[in-house]
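Please read the structure below before turning to the comments.
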Amino acid sequence: MTRRPPGSSLRGDGARRPRPSGRLSGEAETSARRPPPAAPEPPQAAPEGSGLVLLGEFGRAQGLAGEVRLKSYTADPKGIAGYGPLVATDGRLFEIASLRQAPGGAPDILVARVKGVASREAAEALNRIALHVHRERLGAPEDEDEFLATDLVGLAVFDPQGREIGRLRGVENYGGGDLLEIVPLAGGASALLPFTKAFVPSLDVAGGRITVDAPDDLFDPPGPRPKDEPA
């Protein structure tokens, strides 16, 4: 097993996703509907068979001194800095010198200083570059309920009765735990489901499928906003 880089503990990082037990209360919102995607192009995928695992992506330049925004896909967003040089799809290497939370951003949006990047122009040239690490550097998941997020994307999603209901588009985290983004088989808006044993009782990565115990209204459009809810 490859020794992990020094620094803070990386357990749960490397896009690993533990699957906790438990279910949210009946009053909790379990799904956030999204409109049909009109989003930016996804980061360029590593060539199939390259052995690279996506850990993050550079965004726009931040300020004038060479800092750049970074979206991290690791369980601990700042854990991405613990892997040493990260590999772009074209083979270039980037080493993160420092990280801080982006002002007003989601937990996975950071501001990075990259070694060798000292101007806004150089930082702007990094926009949309995807950052990877070689899979062998991640080691094997440490227990049966820990998975690499990259291995979950694209899995067929089934209900407990064995009916296919969609595809897993990605794993999101807005600070309250991992959420599976599921695209319905019939098309339309995707929905988010907590990644816990209660909602995800069965997961077969090798077989390319995942079973979810989702609410019946998982893909229903959101209802009208309550009158007393702030705009």
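The values are calculated or read from the model by the stated rules, or taken from the named source; none is laboratory data. Since the model is a prediction, treat every value here as computed from it, not as a measurement. Neighbour counts are summed over all protein chains in view; Cβ atoms, including those assigned to glycine, are modelled from backbone coordinates with ideal geometry.
If I ask for residues that are part of a strand (DSSP E or B) and more than 19 Å from GLU172 (Cβ to Cβ), which ones from segment 182-221 would you list? Walk me through it before giving the result.
Narrowing segment 182-221 to residues part of a strand (DSSP E or B): 182-184, 191-194, 202-204, 209-211.
Hits for segment 182-221 are SER202, ASP204, ARG209, THR211.
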Restricting attention to segment 100-124, the residues that are in contact with a strand residue (DSSP E or B) (Cβ under 7 Å, 6 or more places away or on another chain), closer than 19 Å to ALA88 by Cβ and in a helix (DSSP H, G or I) number exactly 2
_Looking for something at pLDDT below 95, in contact with a strand residue (DSSP E or B) (Cβ under 7 Å, 6 or more places away or on another chain) and in a strand (DSSP E or B) - is there at least one such residue anywhere in segment 67-79?_
yes
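Results for (1) surrounded by 15 or more Cβ atoms within 10 Å (Cβ to Cβ); (2) under 30 Å from LEU131 (Cα atoms); (3) acidic (Asp, Glu), shown as yes or no for each residue.
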{"site": "THR150", "(1), (2), (3)": "yes, yes, no"}
{"site": "ALA156", "(1), (2), (3)": "yes, yes, no"}
{"site": "PRO160", "(1), (2), (3)": "no, no, no"}
{"site": "GLY166", "(1), (2), (3)": "yes, yes, no"}
{"site": "TYR174", "(1), (2), (3)": "no, yes, no"}
{"site": "ILE182", "(1), (2), (3)": "yes, yes, no"}
{"site": "ALA191", "(1), (2), (3)": "yes, yes, no"}
{"site": "PRO194", "(1), (2), (3)": "yes, yes, no"}
{"site": "GLY207", "(1), (2), (3)": "no, yes, no"}
message = Taking the criterion of being outside the structural domain of GLY177 (by TED's automatic domain parsing), under 25 Å from VAL171 (Cβ atoms), free of Cβ contacts under 8 Å to residues at least 40 places away in the same chain and not in a strand (DSSP E or B), would at least one residue in segment 125-136 satisfy it?
response = no
Checked LEU148, LEU155, LEU138 against criteria (on the phi < 0 side of the Ramachandran plot and either at pLDDT 90 or above or more than 17 Å from the chain's Cα centre (by Cα) (or both)); the one match is LEU155
